[in-house]
Amino acid sequence: MNDPKAGTFTRFWGASTGGRVALPAIEEQAKGPAVQLVCGPLYHVHGLGLSVNSLLMGDKVVLTERFAAEQVARLIARHRVTTVAFVATMLIRMAKVPNLESYDFSSLRLVVAGGGAIPHAVMKKWINLVGPERFVYMYSSTESVGSAVITGAEILRKPGSVGRGSNAEI
């Protein structure tokens, strides 16, 4: 684990078996403490892993009792959330929030999506909202057998691509 006060650090997205997937394309500059929004249940490895990882990094963690797209948009703006991870269904529901563009998402440094197929139009909407350098899509398994990672810029250049292998031999 890197010291967030030391300059640049890499967040790792973990798995239940202890494997970690680094997002090498997204090395956050430590601009003060991060604020992680956890939208998933803590009894699932995704929600628990994000929470524990963030707390160990000294970050603030904002939890939701259950996922409600419009509430999540408000929480991002209210708490100045810097990092959030969505499964595909959440990202799709968020894209349907009326006037989503009116919410202040300027604090977001990293939006990670995964957990299923996402229509290109939905990914493009999120890339336009937060910027291509702040959006990452991952295909992976809980066991971290392998994963594929693609950045927002790569999604725009190569629609339909799943990115490059990470923690995998292809």
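Per-structure values
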| quantity | calculated |
| --- | --- |
| Extreme residue, positive dipole direction of the stretch 31-170, given options 166, 117, 33 (C-beta unit charges) | 33 |
| 52, 149, 84, reordered so the largest accessible area comes first (probe 1.4 Å) | 52, 149, 84 |
| Cα Rg, Dmax, the stretch 92-139, angstrom units | 10.4, 30 |
| Quarter of Cα convex hull surface for the stretch 79-170, i.e. mean projection, nm² | 6.1 nm² |
| Total formal charge among the other residues, if their Cβ is under 11 angstrom from that of residue 72, Lys/Arg +1 and Asp/Glu -1 | +3 |
| Among 76, 98, 61 the positive-end extreme of the charge dipole of the stretch 57-163 (Cβ point charges) | 98 |
| Debye, to nearest 20: dipole size of the stretch 23-141, +1 on Lys, Arg Cβ, -1 on Asp, Glu Cβ | 220 debye |
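The values are calculated or read from the model by the stated rules, or taken from the named source; none is laboratory data. Here the structure is a predicted model, which is why all the values come from computation and not from measurement. Note that each Cβ is placed from the backbone with ideal geometry, even for glycine, and that neighbours are counted across all protein chains shown. Ligands, DNA and RNA are stripped out before the accessible areas are found, and what is left, the full protein with its side chains, is counted by its heavy atoms. Shrake-Rupley method; radii C 1.70, N 1.55, O 1.52, S 1.80 Å.
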